[in-house]
Amino acid sequence: MKRTLLFMMAAVALVVVALTYGSPAASAPPRAPATQATPAPNISKEGQTCIDCHKNVTAGIVTDWQSSKHSTSGVDCYTCHGAANKGNRPDVKDHMGFKIVVLVTPKDCQMCHAQQAAEFLASRHADAASFIGSLDNVLGEIIGGSPAANAGCKQCHGSTIAVKNGELDPATWPNTGIGRLNPDGSKGSCTACHSRHAFSIAQARAPEVCGKCHIGPDHPQEEVWQESKHGGRYYEMIAQGQTLHLDLPAGQWLPGRDYSAGPTCASCHISATANQPPTHDVGARISWTLRPAISTKQDNWEKKRANMQDVCTQCHGSTYTKNFYVQFDALVDLYNTKFGTPAKTIMDKLTAEKKLTDQPFDVPLKWTYYELWHHEGRRARHGAAMAGPDYTWWHGLYQVAQVFYTEFIPAARALDPQVVDSTINAMPEHAWFTKGLSQLQIQQILDFYKTRYGQ
C-alpha cells in the first residue's frame, strides 16, 4: 500500500488567545532591547591584520563580527582562530604568516563560557553523533550512501572531522552538526545554534534555528510548534510589530516580564524563568523520551518535569499545567500499550522463531515497522508533548493505526498468524478489529452521516 505523508506548515494564527498568567512577574514592564554592538578598540594586532584583509575578501564575516558582543569585548579573529594555545592539534595550519585553526570548537569556547560548555556536554546534543550504528545510520550510510549521509544526516548529528595533509577533509567539513567530533577531542558545535560570526543569542532563541534539524517526518517539532497556540501567538506578535526582546542577556529574558506570549523552543527548554537559571542542557526539562519504539520516563524525570512545569506556570495556571500533563501522559501510554508494545512483541517473536532474519530492512515488514514507531509514532507523541493536535492525530495516531491494521498486522500474519493472534486477540483495545463493531455502533455511524449529509 502506497502511503503519502502530508506535511503542511501550520497556518499563522492571527487570533488573540487569552492566557492565564501564573507569575506575578507578568505585570512588570517589558525590558528595552539591547543596543547594537560597537567594536572595541582593544583588539589585538593579529586580529586587526585579519580584519583588514577579510573585509575585502569575506566581508560578511567581518560585518557579522562587528555586530557581535565579541567585538565589544576585545574577542577578535585571532582570539578564537589563533593556534598559540591550542596544543598539538592536527588541524593547525600556516595562514598569511600566522599559525591558525579553521575550526573553532567547544574546547575553545569554554575558555570564556565554561558553564555553558559543561551544561552542553551533559546534554543529548553533545552525543548526537552517537547515532552511528543505529538503523537511521544504516539507512543513510549503507542503503542510501555516504554522500547522502554526509550532506544529510551528519549536518544535523555531526560528523567526525578528519584532517588530511594538514587540511580539513572535505568529506567531513563543512559541518556544524550539534554532536560533531572535533580534531581536539571535543564534542559539539556551538555554531549549530549561535551562527558564526555574530554568535547572536537572539538567533539561538529563534525557533527557525532549531528547525534546521527538528523538522520533517520523524521529528517535526518545528511544525508541531507552528500549529500550536504558542506558534500562533509568536507569529501574531511579529505580524503586529511587537517584540519578544530576544537579544536580552542570558538569565535576563523572562516569560511574563520581557514577553507575555509566543514562547519559542528556547523559552521552554533552556531559557531562564523567575525560579531557575538558563541551561545549555536541552534535556533538563524533558520527562519522557519520545524517540524509541516504546517511550519510557527519563532518569530523574520528576525533577525534569517540575522544571518544565515551572516554565509553563509563568504563563498558565497550575491546574491548566497539571491537566495538560494528564492528557499528554495518557496519549503516550495509549501509544505504548495499544501499538508500540504489541508491534515490538510481534517483531521480537518472529525474529526469535527465525521467521525474520537479523538483517535490517531486508523485507517490507521491517520498513513498515520502522516507520510505524520512528515516523508515525514519534509524530503522535511529539504532537501531544507540544500541543499540536493535527500532528497528534492525523499525522500521528491516525497513521499509526492505519499502518498497524492495514499493513503491519497483515504482513506479520502472513509469516505466523499464531504470533499475531496471541499478541492482540486478548487486548480489548483491538476488539473492534479482531471481533468487529457491534450492530448498534454501525447503525449509529450510518444514522450520523444520514442526518448530517443526507447520505
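Looking for whichever is surrounded by fewer than 23 Cβ atoms within 10 Å (Cβ to Cβ), over 11 Å from ALA343 (Cα atoms) and of a type in the set (Phe, Trp, Tyr) here; the options are TYR398, TYR405. Which one fits?
Details: TYR405 fails: over 11 Å from ALA343 (Cα atoms).
That would be TYR398, the only listed residue that is surrounded by fewer than 23 Cβ atoms within 10 Å (Cβ to Cβ), over 11 Å from ALA343 (Cα atoms) and of a type in the set (Phe, Trp, Tyr).
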Of all residues in region 284-334 being hydroxyl-bearing (Ser, Thr, Tyr) and crowded, with 18+ Cβ neighbours inside 10 Å, the one that is farthest from HIS375 (Cα to Cα): THR313
Pick from region 239-287, criterion β-branched (Val, Ile, Thr) and farther than 14 Å from LYS304 by Cα, ranking: nearest to the chain's Cα centre (by Cα): THR264
Long-range neighbours under 7 Å by Cβ, at least six apart or interchain, first residue farther than 24 Å from LYS366 by Cα and modelled with pLDDT of 95 or more within region 382-408, second in a helix (DSSP H, G or I) and among the β-branched types (Val, Ile, Thr): GLY383/VAL224; GLY383/THR392; ALA384/VAL332; ALA384/THR392; MET386/VAL224; GLY388/VAL224
All positions within region 191-209 that are over 15 Å from CYS156 (Cβ atoms), touching a helix residue (DSSP H, G or I) at 6+ places or on another chain (Cβ under 9 Å) and hydrophobic (A, V, I, L, M, F, W, C): ALA198, PHE199, ILE201, ALA204, ALA206
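Has region 208-217 got any residue that is of a type in the set (Lys, Arg) and not in a loop (DSSP other than H, G, I, E, B)?
No, region 208-217 contains no residue that is of a type in the set (Lys, Arg) and not in a loop (DSSP other than H, G, I, E, B).
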Residues of region 297-354 satisfying the condition of being of a type in the set (Lys, Arg) and either touching a strand residue (DSSP E or B) at 6+ places or on another chain (Cβ under 8 Å) or in contact (Cβ under 8 Å) with a residue 40 or more places away in the chain (or both): LYS297, LYS338, LYS344, LYS349
Pair list, Cβ under 6 Å, 6 or more apart: region 123-149 residue farther than 15 Å from THR289 by Cβ, other residue surrounded by fewer than 17 Cβ atoms within 10 Å (Cβ to Cβ) and of a type outside the set (Ser, Thr, Tyr): LEU135/PRO360; VAL138/PRO360; GLY140/ALA148
Selection within region 150-164 - small (Gly, Ala, Ser) and either under 18 Å from the mean Cα position of the chain (by Cα) or modelled with pLDDT under 95 (or both): GLY152, GLY158, SER159
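Yes or no: ASP91 acidic (Asp, Glu), surrounded by fewer than 19 Cβ atoms within 10 Å (Cβ to Cβ) and touching a residue at least 12 places away in the same chain (Cβ under 8 Å)? Break it down stepwise before answering.
On the way: acidic (Asp, Glu): yes; surrounded by fewer than 19 Cβ atoms within 10 Å (Cβ to Cβ): no; touching a residue at least 12 places away in the same chain (Cβ under 8 Å): yes.
So ASP91 does not fit the description; no.
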Helices (runs of 4 or more DSSP H) (entirely within region 312-387) containing at least 2 residues that are hydroxyl-bearing (Ser, Thr, Tyr) and under 24 Å from GLU141 (Cα atoms): 364-371
Criterion (among the hydroxyl-bearing types (Ser, Thr, Tyr), more than 30 Å from GLY262 (Cα to Cα) and not in a helix (DSSP H, G or I)) met by exactly one of THR172, THR176: THR172
Any hit, region 156-179, residues being touching a helix residue (DSSP H, G or I) at 6+ places or on another chain (Cβ under 9 Å), farther than 26 Å from ASP281 by Cβ, without any contact (Cβ under 8 Å) to a residue 60 or more places away in the chain and not polar (S, T, N, Q): yes
Pair list, Cβ < 9 Å and 6+ apart or interchain, from region 441-452 residues that are farther than 23 Å from ALA431 by Cα to residues that are β-branched (Val, Ile, Thr): none
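From the set of residues in region 231-259 that are outside any helix (DSSP H, G or I) and of a type in the set (D, E, K, R), which is nearest to CYS193 (Cα to Cα)?
Within region 231-259, the subset outside any helix (DSSP H, G or I) is 240-259.
Next, only the ones that are of a type in the set (D, E, K, R) stay: 247, 257-258.
Details: ASP247: 14, ARG257: 24, ASP258: 22 Å.
Step by step, filter region 231-259, then rank; the result is ASP247.
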Pair list, Cβ under 9 Å, 6 or more apart: region 54-74 residue touching a residue at least 24 places away in the same chain (Cβ under 8 Å), other residue of a type in the set (Phe, Trp, Tyr): ASP64/PHE199; TRP65/PHE199; SER68/PHE199; LYS69/PHE199; HIS70/PHE199; SER71/TRP65
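The values are calculated or read from the model by the stated rules, or taken from the named source; none is laboratory data. All values derive from a computational prediction rather than experimental measurement. Don't worry about glycine lacking a Cβ; one is built from the backbone with ideal geometry, like all the others, and counts go over all protein chains shown.
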